[in-house]
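Structure, as structure tokens:
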Amino acid sequence: MNENSNKKEINVTSAPVLALTERPLFPETFTTLMIARPEDTQAINYAIEKNGGIFVAVLKDDKDGSLRKVGTLAKVSKFIKLPNNCIHVFVSTLKRVSIDSLVMEPEPVLANVSDLVDKNVSEKILTPYVRILKDLVTSLSKTQVFSFATEVNISNFNDADAICWYAASSLVSAPKEFLEEILESTDPKKRVNDLTSYIAGEKEILDKEEQIKADFINRVKSRNKEAMRREQIRVLTQELNGVMGNNTVGDAPVKGDIFQR
């Protein structure tokens with residue numbers, strides 16, 4: 001395993017491109033990627049050699065290979081080169097950037113980028129919205145909505161941006177388009193509200209599922225109780241019939257006419 005020890009934030013205007021197909025990466029997070037496509041391994045190797053950054057963005061169209069304009073500038077923290085020419089990389093994401101232009105030749109493809117700047121919204125305005133989001137994430141941290149250990153990690157964040165990035169990156173099954181909208185948004189208040197609305201919707205679905213499950217279990221229990229009650233009645237009836245049968249008095253034989261003189 002190799003590790004780059006330079007922990008300073010990378011301030012670059014050009015970086016090799018790593019295209020993702022599944023979901024975007026968010027700033028201020030740490031993740032692992034398995035790199036297999038030749039163009040991607042070339043980009044990673046370039047970033048490793050230059051000890052620089054890499055521009056990570058989602059493909060807008062898988063067919064023509066066009067990229068989303070907004071992505072994340074990341075740094076390769078560790079990497080393991082595997083025998084099958086794949087690279088297992090550990091990347092720390094730094095900040096959002098947008099593409100100004102692409103340099104196609106020579107390979108790898110390089111993106112000329114600039115920082116994506118948010119609208120100025122005061123912390124005082126954001127604080128109540130952030131608290132709601134944080135509480136909501138905490139309440140669902142042990143469900144399938146979020147990845148493992150979200151509750152522990154979310155408690156470490158108080159900054160609005162950091163909470164949004166971590167919450168968005170921890171969502172397990174959110175649509176790629178929604179996650180991309182969160183990444184591209186330059187309105188901090190809207191970003192928090194959109195995330196809160198989505199997560200609240202997931203909570204509503206979970207609550208409904210739990211109610212349906214509880215109703216189903218109650219119906220099964222009720223049917224089982226009714227079946228048990230009927231069985232008890234049947235057994236008791238059989239026992240009573242048996243007792244009555246054993247005690248039935250038959251016609252006694254007549255040994256003579258009692259009126260005979």
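The values are calculated or read from the model by the stated rules, or taken from the named source; none is laboratory data. From a predicted model like this one, the values you see are computed outputs, not experimental measurements. Note that each Cβ is placed from the backbone with ideal geometry, even for glycine, and that neighbours are counted across all protein chains shown. Surface accessibility is based on the protein's heavy atoms, side chains included, excluding ligands, DNA and RNA. Shrake-Rupley method; radii C 1.70, N 1.55, O 1.52, S 1.80 Å.
On average over all directions, what projected area in square nanometres does the chain have, based on the convex hull of its Cα atoms?
28.5 nm²
Rank I48, I199 by accessible area, highest first, at a 1.4 Å probe radius?
On the way: I48 30, I199 0 Å².
The most accessible residue leads, giving I48, I199.
Most fluctuating residue of G242, G201, G65 in a GNM of the chain with Cα springs under 10 Å: which is it?
Residue with maximal mean-square fluctuation among G242, G201, G65: G242.
Tally Lys and Arg at +1 and Asp and Glu at -1 over the other residues with C-beta under 12 Å from the C-beta of N120: what net charge comes out? Mind dumping the intermediate values first?
Working: positive: K119, K189; negative: D118, E123, D187.
With Lys, Arg at +1 and Asp, Glu at -1, the neighbours total -1.
Considering the dipole of the chain built from charges on the beta carbon (Lys and Arg +1, Asp and Glu -1) around the Cα centre, which of G53, M228, A43 is farthest to its positive end?
The residue sitting farthest along the positive end of the dipole is M228.
Using only DSSP helix segments of four residues or longer, with each worth -39500 (n - 2.57), what per-residue ellipticity at 222 nm results for the chain after dividing by its residue count and rounding to 500? Show your work: numbers first, answer last.
Details: 6 runs with 114 residues, N = 261.
Only helices count here, giving -15000 deg cm²/dmol.
Quick one: Cα convex hull volume of the range 105-184, Å³ per residue?
Working: hull volume 10.8 nm³, N = 80.
In the range 105-184, the Cα hull volume divided by residue count equals 135 Å³.
Per-residue accessible area for M228 at 1.4 Å probe radius, Å² rounded to 10?
Looks like 120 Å² after rounding.
A 29 angstrom limit on the alpha carbon distance is what I want to check against. Which of K78/K189; K203/K225; K119/K208; K134/K213; K75/K119 exceed it?
Values: K78/K189 34 Å; K203/K225 32 Å; K119/K208 37 Å; K134/K213 27 Å; K75/K119 26 Å.
From the list (K78/K189; K203/K225; K119/K208; K134/K213; K75/K119), the Cα-Cα distance tops 29 Å for K78/K189; K203/K225; K119/K208.
Relative contact order of the range 115-184, please, whole-number percent, based on alpha carbon pairs below 8 angstrom and at least 6 residues apart. Spell out each step's value before the answer.
Values: 40 pairs, mean separation 17.8, N = 70.
Dividing the mean separation by the residue count of the range 115-184 yields 25 percent.
Could you list which residues have their amide H under 5 Å from that of L18, counting only those 5 or more apart in sequence or on another chain, with H placed in the peptide plane?
Under 5 Å from the amide H of L18 lie the amide H atoms of F55, V56, A57, each far enough along the sequence or on another chain.
How long is the gain from M34 to V103 if the chain were fully straight, where each residue apart is worth 0.36 nm and the alpha carbon distance is subtracted?
Values: separation 69, 0.36 × 69 = 24.84 nm, distance 2.46 nm.
Extending this stretch completely gives an extra 22.4 nm.
Averaged per residue, what accessible surface does the range 56-162 expose to a 1.4 Å probe, in Å²? Numbers along the way, then the final one.
Numbers: 5990 Å² over 107 residues.
For the range 56-162, the per-residue accessible area is 56 Å².
Got a number for carbon plus sulfur as a percent of the chain's accessible area, 1.4 Å probe? Kindly include the intermediate steps, with their values, before the conclusion.
Numbers: 8770 of 16540 Å².
The value for the chain is 53 percent carbon and sulfur by accessible area.
Please report the accessible area of D40 (heavy atoms, 1.4 Å probe, ligands and nucleic acids excluded) in Å², nearest 10.
Number for this one is 10 Å².
Within the range 56-165, which trypsin sites (Lys or Arg not before Pro) sit in a loop by DSSP and count at most 11 neighbouring Cβ atoms inside 10 Å?
Numbers: sites: K60, K63, R68, K69, K75, K78, K81, K95, R96, K119, K124, R131, K134, K142; in loops: K63, R68, K69, K119, K142.
Filter output for the range 56-165: K63, K119.
Along the charge dipole of the chain, pointing to its positive end and built from +1/-1 on Cβ of Lys, Arg, Asp and Glu, which listed residue (T237, V103, P16) has its Cα farthest out?
Farthest towards the positive pole: T237.
How far is helix 123-139 tilted off the main Cα axis of the chain, in degrees rounded to 10, range 0 to 90?
Between helix and principal axis, roughly 40 degrees.
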